[in-house]
Every structure is written in structure tokens, then in C-alpha cells.
1. Which condition number in (1) modelled with pLDDT of 90 or more; (2) within 18 Å of residue 142 (Cβ to Cβ) is the one that residue 49 fails?
2. Looking only at residues in the stretch 1-37 that are without any contact (Cβ under 8 Å) to a residue 24 or more places away in the chain and more than 13 Å from the chain's Cα centre (by Cα), which one is nearest to residue 90 (Cα to Cα)?
3. Given (1) out of contact with any strand residue (DSSP E or B) (no Cβ under 8 Å at 6 or more places or on another chain); (2) closer than 18 Å to residue 86 by Cβ; (3) surrounded by 15 or more Cβ atoms within 10 Å (Cβ to Cβ), where does residue 10 come up short, assuming only one miss?
4. For the stretch 33-63, give me the residue count where each residue is in contact with a helix residue (DSSP H, G or I) (Cβ under 9 Å, 6 or more places away or on another chain), exposed (fewer than 15 other Cβ atoms within 10 Å of the Cβ) and assigned to a loop (DSSP other than H, G, I, E, B).
């Protein structure tokens, strides 16, 4: 169980690190086995190619970077007794260098196993439900 929690924590932090690095294809790879549904648009995307296309169309990069720093806190991980499914929840704050604005909210990720070729790896089954409750000026970060 502790190994499961460590793997899930790494998955959550990898999302923030890859996004801040401008590695949008790497972000999409984290959702390779997921179905992503947009909260506002209700559009469904599946597979790395569709999810990567969404990030490339949405996130504004300057010199290969979105000029952001995702700060992930309050990470809670619940693993079922059989160790086959889990869910994580965390709070996040996104600091933006281009505008000086910030965004804050929480993210909930359902996870399941086995989703990867290697035993022991966790993967996202359905995309995170991201709720932003404090939103600043995002015009330098995302296209609407």
C-alpha cells in the first residue's frame, strides 16, 4: 500500500512538473489510458494524440514554457483494500510568471491498475476533475 501511495504521488507531481516544463506531450502520456471530458465543453478526448492536441491548442508556451509553477499541496490518496483502484485529491496553486496572477483549486484523480505493461505501475483511468475556485488573469496562460 505504501508503494502504491508513493507511485500515485509521483504521478500527481509528474503532471505538475511536465506542464511547468512545457512538456505537453509528456502530460498527455500520463493520460494514455484515460478518457478526458472537458468540464465546460463536455468534449471527450481519448488517447495520447487527442489529449496532446488539446494541451497544444490550449496552453500558451513562450520559449517552450508556459511560465507557470504548479504548487501541489494537501495530497490525499485512498487505495482500495485489494489495491486495484485508488483515488487522489490535492489542492493546487498555479503561479504565472507572465502576468503575476495566480489560479488555485483542487484536483481529483481516479486511478486504477493494471493500466501499463509493467506490473506495479499506476495509471489514470479517467482524467482528473479539476475545479478552479480562485482565478486570476489567465490570458498569458491559456487560450479560451
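The values are calculated or read from the model by the stated rules, or taken from the named source; none is laboratory data. What you are looking at is a predicted structure, and each value in this text was computed from that prediction instead of being measured. Counting neighbours? That spans all protein chains shown, and the Cβs are built from the backbone with ideal geometry, glycine included.
1. (2)
2. 6
3. Failing condition for residue 10: (3).
4. 3
For every residue, the table says whether it meets (1) in a loop (DSSP other than H, G, I, E, B); (2) at pLDDT 70 or above; (3) under 15 Å from residue 6 (Cα atoms); (4) under 17 Å from the mean Cα position of the chain (by Cα).
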site	(1), (2), (3), (4)
71	no, yes, no, yes
81	yes, yes, no, no
89	no, yes, yes, yes
94	no, yes, no, yes
118	yes, no, no, no
